[in-house]
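Asker: My structure is below; once you've seen it, I'll send some questions.
The values are calculated or read from the model by the stated rules, or taken from the named source; none is laboratory data. Remember, it's a predicted structure, so these values are computed and weren't measured experimentally. Here the Cβ is made from the backbone with ideal geometry for all residues, glycine too, and neighbour counts use every protein chain on show. All accessible areas refer to the heavy atoms of the entire protein, side chains included, with ligands and DNA or RNA removed. Shrake-Rupley method; radii C 1.70, N 1.55, O 1.52, S 1.80 Å.
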Amino acid sequence: MNTAVQQRIPISKPSITQLEINYVNDAITNGWGSHCYDYIIRFQKLFASYLKSDYALATSSCTGAIHLAFLSIGLQPGDEVICPDITWIASVAPITYIGAKPVFVDVKKDTWCIDPEKIEQAITSRTKAIMPVHLYGNVCEMDEIMAIAKKYNLFVIEDAAEALGSEYKGKKVGSIGDFGAFSFHGTKTMTTSEGGMLVTNNKTLFDEALIYNDHGRDHRNPKTFWMERIGYKYKISNLQAALGCAQVERLEDLVNKKREIFNSYKTLLNGLPGLSMNAEQEYVKNSYWMPTIIFDEPVNFNRENLFAQMKEHNIDSRPFFYPLSFLPMFETKKENTVSYGIYDRGINLPSYYDITQKEIEKVVNVIKSKVK
Ligand SMILES: *Cc1c(COP(=O)(O)O)cnc(C)c1O
């Protein structure tokens, strides 16, 4: 085996134990015919119960789950959705699939999540929803966001893809808005290789999502193969759901490990000047999907230089997301000064389940050697 490959410290990779292997083995051996949905049903139940949400719909991706959420609230072409400027593109791409418009609002300096104080001034007569994104495990100010939504009669779709296990005032994030969406992509806190989940406590919205995810077919209609509208198909497979069941059963452990890894980084990086890391307000539990560091403006550090040094030491790292309004498809919004001020000073650090304390130390030493 190539030793360079062995020693590489990847940014993320899943934790797969005998439990996952057993479930997937069982699904591929027995999960056919009348059993072809068994693991999907079990996965949805387990997940809903973990979140304390009433309904859960497993999907082939979080992108699909978000698309279903916006279809189900009746988002129309020309409508507007208020989103944070800093997030992964999958939060907002589905808004554009419908012909609606994401309206980018600046983020808070401490949480890197949407700033509630800037939401109200972005609301117009076309605004239909607010989409808080819990970035890198960090948690949005949900009370403030829910209050604004109530005042203006808007839906709230939480993108919790990066914050499975994070809590806001004792509630799991993703369970607070009208819909919550999760991702089980291989880089996320738990995985089904590719996959997602849409959760809600609203039966009417859930029924809409079911219809949209079944090509417009209403399972309550007795007429076989009768469709009332054009729908989509973002279904998960029973094989993937089997993997998902094992991962949910281990979720507490997976989240605890993320917290341990973050705390190791935090302790070792303590004392570096001008350094910010993922925030955890007193009323929040952060599941620290990706330990992230940002260096303040006056700190003398060259990010490209640090990336090069990491690469030389066989360490994977990632840049912070660009402001979405900076991308060519959207109108630039330089007035989002926090977003534009932090993105090129931020780095995500490796945080997979099996990372060792020695490996964390190695990463920290490279950072320390490049920041003065
Ligand atoms: C990963 C991610 C998604 C999309 O997840 P997929 O399962 O890849 O579709 C959406 N939003 C955010 C914030 C993400 O990080």
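Asker: Which residue is nearest to the ligand (Cβ to nearest atom), if the candidates are limited to region 192-202 and must be of a type in the set (S, T, N, Q) and surrounded by 24 or more Cβ atoms within 10 Å (Cβ to Cβ)?
Answerer: 192
Asker: Among the numbered conditions (1) in contact with a helix residue (DSSP H, G or I) (Cβ under 6 Å, 6 or more places away or on another chain); (2) over 19 Å from residue 262 (Cβ atoms); (3) open to solvent by less than 70 Å² (accessible area, probe 1.4 Å), tell me where residue 299 comes up short.
Answerer: So the condition that residue 299 fails would be (1).
Asker: Residue by residue through region 147-167, note down the ones that are open to solvent by 10 Å² or more (accessible area, probe 1.4 Å) and more than 16 Å from the ligand (Cβ to nearest atom).
Answerer: Within region 147-167, 147, 148, 150, 151, 152, 153, 154, 155, 167 qualify.
Asker: For region 169-179, what are the residues that are buried (at least 24 other Cβ atoms within 10 Å of the Cβ) and under 25 Å from residue 353 (Cα atoms)?
Answerer: The answer is 173, 174.
Asker: May I ask you to list pairs of residues, at least six apart or on different chains, whose Cβ atoms are under 9 Å apart, with the first in region 197-223 being closer than 17 Å to residue 41 by Cα and the second being at pLDDT below 95 and assigned to a helix (DSSP H, G or I)?
Answerer: Sorted first by the residue in region 197-223, then by its partner, the list stays empty.
Asker: Residues in region 310-347 that are modelled with pLDDT under 95 and on the phi > 0 side of the Ramachandran plot: how many?
Answerer: Selection size over region 310-347: 0.
Asker: Residues of region 121-146 being assigned to a helix (DSSP H, G or I) and open to solvent by 70 Å² or more (accessible area, probe 1.4 Å), which ones?
Answerer: Scanning region 121-146 gives 121, 143, 144.
Asker: Any residue at all in region 167-176 that's at pLDDT 95 or above, of a type in the set (Gly, Ala, Ser) and farther than 19 Å from residue 284 by Cα?
Answerer: no
Asker: Moving to a separate point now. Looking at the structure I just gave you, is residue 96 in a helix (DSSP H, G or I) and open to solvent by 10 Å² or more (accessible area, probe 1.4 Å)?
Answerer: yes
Asker: Is it fair to say residue 4 is at pLDDT below 95, among the small types (Gly, Ala, Ser) and open to solvent by less than 70 Å² (accessible area, probe 1.4 Å)?
Answerer: Considered against the rule, which asks whether it is at pLDDT below 95, among the small types (Gly, Ala, Ser) and open to solvent by less than 70 Å² (accessible area, probe 1.4 Å), residue 4 comes out as yes.
Asker: Pick out, from region 150-213, the strands (runs of 3 or more DSSP E) lying fully within it that include 1 or more residues that are small (Gly, Ala, Ser), over 21 Å from residue 136 (Cβ atoms) and under 15 Å from the mean Cα position of the chain (by Cα).
Answerer: none
Asker: Within region 172-191, restricting attention to residues that are within 9 Å of the ligand (Cβ to nearest atom) and of a type in the set (S, T, N, Q), which residue is farthest from residue 254 (Cα to Cα)?
Answerer: Of everything passing the filter in region 172-191, 183 is farthest from residue 254 (Cα to Cα).
Asker: In addition: Scan region 203-213 residue by residue and report those that are more than 16 Å from the ligand (Cβ to nearest atom) and in contact with a strand residue (DSSP E or B) (Cβ under 8 Å, 6 or more places away or on another chain).
Answerer: 203, 205, 206, 210, 211
Asker: Inspect all residues belonging to region 305-327 and state whether any of them is surrounded by 15 or more Cβ atoms within 10 Å (Cβ to Cβ), touching a Leu at 6+ places or on another chain (Cβ under 7 Å) and closer than 25 Å to residue 189 by Cα.
Answerer: For region 305-327, residues surrounded by 15 or more Cβ atoms within 10 Å (Cβ to Cβ), touching a Leu at 6+ places or on another chain (Cβ under 7 Å) and closer than 25 Å to residue 189 by Cα: present.
Asker: Can you tell me which condition residue 325 does not meet? The list is (1) under 27 Å from residue 255 (Cα atoms); (2) out of contact with any helix residue (DSSP H, G or I) (no Cβ under 6 Å at 6 or more places or on another chain), and all the others hold.
Answerer: (1)
Asker: Run down 259, 250, 229 and say which single residue is at pLDDT below 95 and open to solvent by 10 Å² or more (accessible area, probe 1.4 Å).
Answerer: Just one listed residue meets the conditions, 229.
Asker: Quick one: residue 91 ticks every box in (1) surrounded by fewer than 24 Cβ atoms within 10 Å (Cβ to Cβ); (2) under 24 Å from residue 116 (Cα atoms); (3) touching a residue at least 40 places away in the same chain (Cβ under 8 Å) except a single one, so which number is it?
Answerer: All conditions are met except number (1).
Residue-by-condition table, conditions (1) over 18 Å from the mean Cα position of the chain (by Cα); (2) within 25 Å of residue 282 (Cα to Cα):
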position: 36; (1), (2): yes, no
position: 56; (1), (2): no, no
position: 59; (1), (2): no, no
position: 86; (1), (2): no, yes
position: 94; (1), (2): no, no
position: 109; (1), (2): yes, yes
position: 118; (1), (2): yes, yes
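Asker: Looking at residue 33 and the list (1) in contact with a strand residue (DSSP E or B) (Cβ under 9 Å, 6 or more places away or on another chain); (2) on the phi > 0 side of the Ramachandran plot, which single condition is not satisfied?
Answerer: (1)
Asker: Identify, from the list 103, 156, 139, the residue that is hydrophobic (A, V, I, L, M, F, W, C) and under 23 Å from residue 247 (Cα atoms).
Answerer: Exactly one of 103, 156, 139 is hydrophobic (A, V, I, L, M, F, W, C) and under 23 Å from residue 247 (Cα atoms), namely 139.
Asker: Looking only at residues in region 64-93 that are in a helix (DSSP H, G or I) and aliphatic (A, V, I, L, M), which one is nearest to the ligand (Cβ to nearest atom)?
Answerer: 90
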